[in-house]
1. How many residues does the stretch B:200-213 contain that are surrounded by fewer than 23 Cβ atoms within 10 Å (Cβ to Cβ) and either at pLDDT below 85 or closer than 16 Å to residue B:25 by Cα (or both)?
2. Return only the number of the condition from (1) closer than 30 Å to residue A:4 by Cα; (2) within 11 Å of another protein chain (Cβ to nearest Cβ); (3) of a type outside the set (Val, Ile, Thr) that residue B:34 does not satisfy.
3. In the list B:232, B:175, B:167, which residue meets the criterion of being of a type outside the set (Val, Ile, Thr), over 30 Å from residue B:123 (Cβ atoms) and surrounded by 20 or more Cβ atoms within 10 Å (Cβ to Cβ)?
4. Taking the criterion of being crowded, with 19+ Cβ neighbours inside 10 Å, in contact (Cβ under 8 Å) with a residue 60 or more places away in the chain, away from every other protein chain (no Cβ under 14 Å) and out of contact with any Asp or Glu (no Cβ under 9 Å at 6 or more places or on another chain), would at least one residue in the stretch B:57-76 satisfy it?
5. For the stretch A:54-77, which residues satisfy the criterion of being polar (S, T, N, Q) and within 12 Å of the chain's Cα centre (by Cα)?
6. Go through the stretch A:207-222 and give me each residue that's in a helix (DSSP H, G or I) and out of contact with any Leu (no Cβ under 8 Å at 6 or more places or on another chain).
7. Provide a single number: the residues in the stretch A:51-89 that are more than 8 Å from every other protein chain (Cβ to nearest Cβ), among the hydrophobic types (A, V, I, L, M, F, W, C), over 30 Å from residue A:179 (Cβ atoms) and out of contact with any Lys or Arg (no Cβ under 7 Å at 6 or more places or on another chain).
8. If residue B:69 satisfies every condition in (1) over 22 Å from residue B:230 (Cα atoms); (2) at pLDDT 90 or above; (3) out of contact with any His (no Cβ under 8 Å at 6 or more places or on another chain) but one, which is the exception?
Amino acid sequence: MGVLLELEVKRAFKDWRFIVFTIGMPVVIYLLTTNGSTSSVGGTSVTRYLLVSMAVFSAIGAALNAGGPRISAEREVGWTRQLRLTSMSSTGYIAVKVLTASTVSLAATVALFLVGRLAKGVSMPWSHWIGSGVAIWAGSLVFCTLSILLGYLFNSTSITIGLMVVNLGFSMVGGLFWPTSTFPGWAQVVAQATPTYHLAQLGHSTQLGQAPAVSDVVVLAGYLIVFAVAAAWLYRRDEVRV
Amino acid sequence: MPLPSRSSTLLPQQEGFSAQPPPAIRVEGIVKSYGHVQAVRGVTCEVGRGEVVALLGPNGAGKSTTLDMLLGLVHPDAGSVRLFGQRPADAIRSGQVGAMLQSGGLMPEVRVRDLLRLAHRLARHPLPVEEVVRQADIADIARHRVDKLSGGQRQRMRLALAIVEDPELVVLDEPTAGMDVAARHRFWETMRAQAHRGRTLLFATHYMEEADGAADRVLVLHEGRLLADSTPAQLKSRTGRRRLTFSTTHPGELSRLPGVVEVQQHAGTAALVSDDSDATVHALVVGGWEPRDLEVTGLGLEQAYLSITATPGGEH
């Protein structure tokens, strides 16, 4: 399994267009939206608040794009079939995909934090940097799993649009682009049902050095379980069909 | 009747089980339908260790489905498959079986040697990498990216993945599909070497000459059933038809000659297919056709195959 993971991570990072766009876009959005801003939001400065929002956006974008598209492509060319003729177990294959997506997602989080620190001069105690970084990274596992699910749900052509809808939909509704406090009442209710909202909350509270709220962790864990079960079911369906 | 002594019967009986190791492949009455389409309608066969067997059939005959069931990728609706006496998945996991599938793709975006290294590390008792490279003849493409390989190179890479475990049985589904003539020739050279190493080979093909040139035994699959199980030579001799070619300037009607079932004529040369070549030749000579450069040849496996698959029910 170690060799496959090594090969997959190498493959993901070697694809520079993928890396530049997945990690670069949130960075650009962050730099543009915080440009010249001195106002404050959520009890902290905009540059610091948006750092977490964009780190979450970056992490989930990386997680989503690093897993599913390759799975749907590999299903189409039959690589998953060929792997079934080796001693590699299917659980191993999926675990490697989740870990690869998670590695890219970590890189995306770190990249955004570096931009915040170096380009925008955001300063926090080290423990807060690490606390929020780890919280965002761990929470993005939900999206790594969602990405696997989408890889089995879509084919390699339709997954592009599927990912975009899921990524932007969850990001906008979950309040990564605008704070949910600016939303009308009903939209706030919807926002609080999304995993992105809770992941962002997790990031914001750990950024301020607070312990993560139990409700955020519970909701994210719930999503993780639902996505994992659905992915496992879709995987079995795929295995029987091919 | 005296009771047999322990040493004389009980032990040999036990040995009887172990001295006769299970065959490489034992398939019993496998059936598979997809919706209303019956892809495989009851195939039973056995392949011994070290045999080289061709599974011959037109597109849609059920070859791929049969091989999928053989490898445990598809579960038969009925019937059973045993490879070396074990369930297919177990035989694969223990490294006794390697396969090159038509639908089995290669991991994209990586180099040949990286993919081979991966397969090598996943294998239970792998051959040394250099040995796989040599046997599969991929030294020249080791640095190439998998997605940039030509059809023939891709198939050699797949073969490398199939033999990396040093398996006793290699199953190949149309291994030369998409290859040009030279690549096909080169590939079969490699396969003959594989057979010489004592590997059991089962390959599906629709190229008669491949079955003819490489296999000890031919299984003809048609519409989901096995229509024949014999050697290429037996299969060919089953049809008594011959092909006659010659030049002639005689203006007569060739199709009137005895035994003739098919006539092709171009600019003074004629090609006939005859049920009774002796009678046809006799009539040509006596009838004043003055045939020159006369050649009489057997029709080969292709015609034999066509004559079997054209008869409903085949030999059974």
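The values are calculated or read from the model by the stated rules, or taken from the named source; none is laboratory data. Everything quoted here is computed from the prediction, not taken from an experiment. Note that we place each Cβ from the backbone using ideal geometry, even for glycine, and neighbour counts take in every protein chain shown.
1. Matching residues across the stretch B:200-213 total 7.
2. (1)
3. One residue alone meets the criteria, B:232.
4. Taking every residue of the stretch B:57-76 in turn, at least one turns out to be crowded, with 19+ Cβ neighbours inside 10 Å, in contact (Cβ under 8 Å) with a residue 60 or more places away in the chain, away from every other protein chain (no Cβ under 14 Å) and out of contact with any Asp or Glu (no Cβ under 9 Å at 6 or more places or on another chain).
5. Correct list: A:58, A:65.
6. A:214, A:215, A:218, A:219, A:221, A:222
7. Of the residues in the stretch A:51-89, 1 are more than 8 Å from every other protein chain (Cβ to nearest Cβ), among the hydrophobic types (A, V, I, L, M, F, W, C), over 30 Å from residue A:179 (Cβ atoms) and out of contact with any Lys or Arg (no Cβ under 7 Å at 6 or more places or on another chain).
8. (3)
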